[in-house]
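Engineer: One structure is given below, represented as structure tokens, and several questions about it will come after.
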Amino acid sequence: MNGGRGTEARRRVAIVTGGSRGIGAAICKKLAANGLSVHLVYKNADGPAEQVAADITHAGGEVIVHKADVSLEGEVKSLIGKVLKSGDTIDVLVNNAAIIDDRLLAMTSLERWENVIRVNLTGPFLMCRAVLPSMLEQSWGRIINLSSNSVRIPGAGQSAYAASKGGVEALTRALAMEVGRKGIRVNTVAPGRVKTDMTENVANQLGGDSGPRWGVPEDLSGIVAFLASDEADYIQGQTITVDGGRLVMRSAKG
């Protein structure tokens with residue numbers, strides 16, 4: 001897959017945050033399989049990050065691993081500086097890193113609220129802002145933000161999480177308006193119930209599945225890869241739901 005103007009001879013470069021596990025790991029592998037050079041960003045999971053990198057390398061892909069907290073401005077600046085210093089431009093950004101800290105609003109401390117907002121919303125803001133100069137210079141870029149169907153059908157205790165992801169969707173639309181004429185496409189993917197390390201406790205609490213099956217990370221990686229490609233050039237500022245039909249089925253029940 002080729003890059004923007006004048007970049008036909010090189011691989012496109014993607015940065016994926018939260019790339020060591022779950023949806024992020026699946027996205028890293030899919031983008032690498034599609035010929036992109038992947039910068040996998042993670043915060044704590046050293047072993048899983050190295051395993052994902054090993055899997056990509058074994059399959060013939062290109063990957064570089066970075067340890068960084070994307071909610072901290074200084075670490076984001078350092079991360080992007082390292083990517084650019086290596087000679088890479090930045091073609092694709094996937095903002096996947098997020099946390100869940102579910103508790104009823106009346107029992108949510110300001111510290112916990114702000115931590116969720118900082119990781120889930122401020123993190124994407126910092127990453128988007130950091131990669132835009134490179135994308136604007138080449139007049140081409142793809143930014144894919146991960147949201148959640150919890151924005152539309154939140155469960156009890158998801159006030160902070162739903163608010164943070166709703167903010168991500170609003171950020172997507174606003175940024176798409178700002179940079180759309182510059183060849184940059186900004187879209188959101190909103191997963192439904194997906195089995196990952198982060199959702200394991202929630203899945204166990206909910207128990208049986210009377211509706212559509214729980215998704216797996218690979219159910220999301222394909223649509224993200226599509227949005228990262230030339231074929232998605234006419235898609236801008238959208239939130240694409242990938243939930244096995246759960247949203248429409250629940251709506252039909254009233």
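Engineer: Grab the other residues whose beta carbon is less than 14 angstrom from that of residue 118, score K and R as +1, D and E as -1, and report the net. It would help to have the intermediate numbers written out before the result.
Structural biologist: On the way: positive: 43, 112, 165; negative: 69, 73, 75, 101, 111, 114.
Overall, the nearby charge balance is -3.
Engineer: Still on this structure, please answer the following. Once the whole set of protein chains is in place, how much accessible area is left on residue 185, using a 1.4 Å probe, in Å² to the nearest 10?
Structural biologist: 40 Å²
Engineer: Rounded to the nearest 500 deg cm²/dmol, what is the calculated helix-only ellipticity per residue at 222 nm for the chain, with -39500 (n - 2.57) per DSSP H run of length n ≥ 4? List each step's numbers first, then the result.
Structural biologist: On the way: 9 runs with 108 residues, N = 254.
That calculation yields -13000 deg cm²/dmol at 222 nm.
Engineer: How would 39, 58 line up by accessible area, probe 1.4 Å, largest first? Present the calculation step by step, with values, prior to reporting the outcome.
Structural biologist: Details: 39 0, 58 165 Å².
The most accessible residue leads, giving 58, 39.
Engineer: Hey, rough spin-label estimate for residue 82 and residue 115, points 7 angstrom out along Cα→Cβ, what's it come to in nanometres?
Structural biologist: Between residue 82 and residue 115, the simple spin-label model gives 2.4 nm.
Engineer: Let me ask something else. In Å³ and rounded to a whole number, note down the convex hull volume per residue for the Cα atoms of the stretch 140-191. Mind showing how you got there, number by number?
Structural biologist: Values: hull volume 2.7 nm³, N = 52.
For the stretch 140-191, the hull spanned by Cα atoms encloses 52 Å³ per residue.
Engineer: Please sort 146-155, 171-180, 110-119 by packing, taking for each peptide the average over its residues of neighbouring beta carbons within 10 angstrom, highest first.
Structural biologist: Working: 146-155: 20.7, 171-180: 16.8, 110-119: 15.2.
Per-residue Cβ counts within 10 Å, averaged per peptide and sorted highest first, yield 146-155, 171-180, 110-119.
Engineer: Would you please state the base-10 log of I(q)/I(0) at q = 0.07, 0.08, 0.15 1/Å for the chain, with intensities from the Debye formula using one equal scatterer on every alpha carbon?
Structural biologist: Cα-only, vacuum Debye calculation for the chain: -0.22, -0.29, -1.05.
Engineer: Would you kindly state how much longer the chain becomes between residue 248 and residue 64 on full extension, computed as 0.36 nm times their sequence separation minus their alpha carbon distance, in nm to one decimal? Show your work: numbers first, answer last.
Structural biologist: Working: separation 184, 0.36 × 184 = 66.24 nm, distance 3.92 nm.
Gain on extension, residue 248 to residue 64, equals 62.3 nm.
Engineer: Could you tell me how many degrees, from 0 to 90 and to the nearest 10, lie between the Cα long axis of helix 73-85 and the main elongation axis, the longest principal axis, of the Cα atoms of the chain?
Structural biologist: 30 degrees
Engineer: Rounded to the nearest 10 Å², what accessible area does residue 125 show when all protein chains are kept and the probe is 1.4 Å?
Structural biologist: Roll a 1.4 Å probe over it and residue 125 shows about 90 Å².
Engineer: Simple spin-label model, 7 Å along Cα-to-Cβ: residue 55 to residue 216 in nm?
Structural biologist: 1.0 nm
Engineer: Follow-up question, since we're still on this one. Below 18 Å, Cα to Cα, which aspartates and glutamates can residue 77 reach? Residues fewer than 8 away in the same chain don't count.
Structural biologist: The qualifying aspartates and glutamates are 69, 88, 91, 137.
Engineer: For the stretch 1-99, what number results from the quotient of the Cα radius of gyration and 2.2 N^0.38 Å? Walk me through the intermediate numbers first.
Structural biologist: Values: Rg = 12.7 Å, N = 99, 2.2 N^0.38 = 12.6 Å.
Its radius of gyration relative to the 2.2 N^0.38 Å reference: 1.01.
Engineer: Mind checking the per residue accessible area of the chain for me, 1.4 Å probe, whole number of Å²?
Structural biologist: 48 Å²
Engineer: What does the extension gain come out to for residue 104 and residue 195, with contour length at 0.36 nm per residue minus their alpha carbon separation?
Structural biologist: Roughly 30.5 nm would be gained on extension.
Engineer: Starting from the Cα coordinates of the stretch 29-150, work out the convex hull volume and express it per residue in Å³. Each step should come with its number before you reach the end.
Structural biologist: On the way: hull volume 15.3 nm³, N = 122.
Convex hull volume per residue, Cα atoms: 125 Å³.
Engineer: For residue 193, list long-range residues whose amide hydrogen, built 1.01 Å from N in the peptide plane, is under 5 Å from its own amide hydrogen.
Structural biologist: HN-HN under 5 Å from residue 193: 215.
The values are calculated or read from the model by the stated rules, or taken from the named source; none is laboratory data. Fair warning: this is a prediction, and the values are worked out from it, not measured in the lab. Neighbour counts are summed over all protein chains in view; Cβ atoms, including those assigned to glycine, are modelled from backbone coordinates with ideal geometry. Note: accessible area is taken over every heavy atom of the protein model, side chains too, but ligands, DNA and RNA are not part of it. Shrake-Rupley method; radii C 1.70, N 1.55, O 1.52, S 1.80 Å.
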